[in-house]
Structures are given as structure tokens and as C-alpha cells.
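The values are calculated or read from the model by the stated rules, or taken from the named source; none is laboratory data. Quick caveat: nothing in here was measured; it's all calculated off a predicted structure. Here the Cβ is made from the backbone with ideal geometry for all residues, glycine too, and neighbour counts use every protein chain on show. For the accessible areas, the whole protein counts, side chains as well, though only heavy atoms, and no ligand, DNA or RNA atoms are used. Shrake-Rupley method; radii C 1.70, N 1.55, O 1.52, S 1.80 Å.
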Amino acid sequence: MPSSLELSVVVPTFNEAANVRELLARLQAVLGESGWEAVFVDDDSPDETAALVRSIARIDPRVRCVQRVGRRGLSSACIEGMLASGAPYIAVMDADLQHDEAVLPRMLEQLKLGSADLVVGTRYSQGGSTGDWDRQRAGMSRLATRVGQWVLRQDVSDPMSGFFMLRREVLDASVRRLSGLGFKILLDILASAPPGLRVAEVPFTFRSRYAGESKLDELVVWEYGMLLADKTVGRYVPVRFLAFAIVGGLGVFVHMAALTLFLKGFGLGFTVAQSAATATAMVFNFAVNNILTYRDRRLTGWAWWRGLASFMLACSVGALANVGIASYLFESATTWFLAALAGVLVGAVWNYVITQLYTWGRKDRAA
Ligand code: GDD
Ligand code: MN
């Protein structure tokens, strides 16, 4: 490796303190003394990964930490890490040592030879493997890979890989179109890059985690759906609005179920039952949107309650707007169905815009 900065290794972290030193030792072993840097992007991990990285950075200038507060997300972390570096070549890898650092020099060589713009560490081509995954996870991963390949219309054997290296120009050319949603940063880049991108692959065996545990949960499927939606219909409708609308649709069922319970079960009068059902649906919509639609800005602790209050306030105004517009249209001779639909749409857009600004737009998300 030369003494000037050639390669930046971007490492997203959330609670990975026990892996940091081992990863750096292994990077040093394969990349040598100089010419590289490691940029850790940590989302304010409770185990103080960021503080550990900074303490190492004080004695080793090749190491840096970008700490993000009140934010979560693997993809957006990788994007910000890549943007924080000046290196002409950038690698992205996990902190838990599941990705085989020994293939980094080969990836770099391919880029420097000029035969490829991006090199993917793949588990699925000759010589690669998913290691000791159980059958269910391996099957899920294969299915998700097929769907990803279909959206990409590109022949990449492992578009879900979290391990790859690219020339800085590839980032420059795609960064403004990136979705930054969820876990699949490589798929995001491949789908956002201008046509003609030359992709090479290097097989590796996915190892078991060195220390700590996986951050992937059941909702990774939902996040993947959001990313694919953004890559396909996202240029016409914002995916967050789609998610918000889907949750709103579910809220109608919750409303009806609650209304039935209050009317038939508790024998309440209609107006009281309808008001209680409306409040129930609002709480449901807030809680579910907080988990799904605004996963990357999730409110916790006191901020959750404050968020609920602002959400209910905004949605009450939205409901008034809905009824007002629908009644107005109905009176000016629009059919009841279209009048109601217009009311619902205006109410939904209002709720979406206002809660995005005031419920999930505040900086103090956890308290
Ligand atoms: N900054 C940040 N923010 N980092 C995160 C977050 C987050 O919200 N969530 C996870 N990470 C970091 C972890 O600390 C780890 O370094 C890396 O991202 C991967 O997370 P894991 O929890 O270890 O994911 P995995 O091993 O189950 O999945 C990996 O392999 C898949 C298959 O290759 C990831 O690389 C996936 O992207 C990949 O699809
Ligand atoms: Mn992992």
C-alpha cells in the first residue's frame, strides 16, 4: 500500500464494541501500515462503540468515527461514511468479522486494473458460500435475492451482500438518487447507478459473528419492501406516504373492530363509541407508523408520548378537513363516493405532511 490515502473501509456499527479492535488488527494484517483508513459510522450505540473508536483514533489517525444521534439505519450510515472520506476507492463491510477481509486486496486490485467499477463480495458464485446459516435463513435470503435481481435487471449473483468495494466516481454518480432506506445499500447503489456500470464479483465464505449479536429482525422484510418500492414506484409517489397510507388503511379495520366492541360489547351510544373508536385507531396508527414508516426516526421514552399527542392533534385537524371538503363537494353536486374519496385523500395528505414535520421531524427523539 502507498503512503497516500487509497482505500477507505466504511464500517457501520451498532453495539459492536467487542469487534472493533479485532477488525482493525485484521485490516492492518491484510492492508499493511498505510494507504488506508477505517471510517466507523455509529448510531449512538448504548455499548459506547463510538467512544471506543475515538479512543483508538487518538493514537491511530487511520481510524475515524462518525457518530449519529437520534438516527438509525445501516444504508444511510454507509452513505454518510462514504461521503465522509476522500479516498478514491471505498469498501463497505460489517464490523462483526462475518465478511472476509482477506479478499479486500483482490477487490482493490480489480478496481485499480480498471476492469470493473464495483466489486461485490459474493456468497453465491463459485467458491462463495453462506457458511453456517440455517435452511430457513438461507432460503429467505435466496428468495429476496431473486426479487432484487428482478428489480435490478442486472446479472449480479449477490445484490444483497453487505460487502463490496467501489470507485468513488460510482458514488458521485448515484448518491443523489440513493434511497438510503433499510439494510441493502449495495442494491440501492446498483439500482441508482447510471447504465453501463461494470460489476465484478469475488467469492467469499460468510463467517459466523465474532462477538455480539445480529441487528437484523423480522422487520427487515418490510424495510426491503420499502427499498424495492422506492426503486420502482418511488419516482411517482414517496414511499413513506405509501407506508403511511397502508397503515391508515389498517387503521380503518381497527376503527371498525373497536366501534363494534364499544357499541355491542359495552353498549355505548353511537357518538361516544365512534369517538372512542377514532381515538383507538389514532393510537394504533401512531404506534405502527412509529415502528414501520418512521423506523429510522423511532420515538422512544417521553418522546413517544409527546409524539402521540402531536399525532392525535394533527389527525383531528385532518379529520375536520376531510369532513369539511367532502361535505362541500357533496353539496356542490359531486357524487357521494367521489366527495368522500376527495375528503379522505386531503385528510391523509394533511396528516402525512403535518406529522412528518411535527411528530417525527423533531430532533429530540429519545428522552
Ligand atoms: N450505523 C448503523 N446503524 N449500523 C448498523 C445498524 C444501524 O441501524 N444496524 C446494523 N448495523 C451494523 C452492525 O453493527 C454490523 O456491523 C452491520 O451493520 C451488519 O449488521 P448485522 O446485524 O451483523 O447484520 P447481518 O449479519 O444479520 O446481515 C449482514 O449480512 C447480510 C447478508 O450479507 C448485513 O451485511 C446485511 O446488509 C446483508 O444483507
Ligand atoms: Mn452480521
Please specify each residue of the stretch 116-154 satisfying the condition of being assigned to a loop (DSSP other than H, G, I, E, B), at pLDDT below 80 and not hydroxyl-bearing (S, T, Y). Q126, G127, G128, G131, D132, W133, D134, R153, Q154
Only one of (1) away from ligand 2 (no atom under 16 Å from the Cβ); (2) open to solvent by 50 Å² or more (accessible area, probe 1.4 Å) does not apply to G114, and that is (2)
Under 7 Å by Cβ, and 6 or more places apart or on different chains, what pairs join a residue from the stretch 138-151 that is within 14 Å of T232 (Cβ to Cβ) with one that is of a type in the set (S, T, N, Q)? V151/T232
Candidate set: the stretch 221-254, residues that are open to solvent by less than 30 Å² (accessible area, probe 1.4 Å) and more than 18 Å from Y352 (Cβ to Cβ); chosen: the one nearest to ligand 1 (Cβ to nearest atom): Y224
V120, sole failed condition from (1) of a type in the set (A, V, I, L, M); (2) open to solvent by less than 30 Å² (accessible area, probe 1.4 Å); (3) more than 21 Å from S208 (Cα to Cα): (3)
Would you point out which residue out of S208, S179 is within 16 Å of ligand 2 (Cβ to nearest atom) and either part of a loop (DSSP other than H, G, I, E, B) or surrounded by 15 or more Cβ atoms within 10 Å (Cβ to Cβ) (or both)? S208
Can you work out which of the residues in the stretch 255-284 that are open to solvent by less than 60 Å² (accessible area, probe 1.4 Å) and of a type in the set (S, T, Y) is modelled with the lowest pLDDT? T278
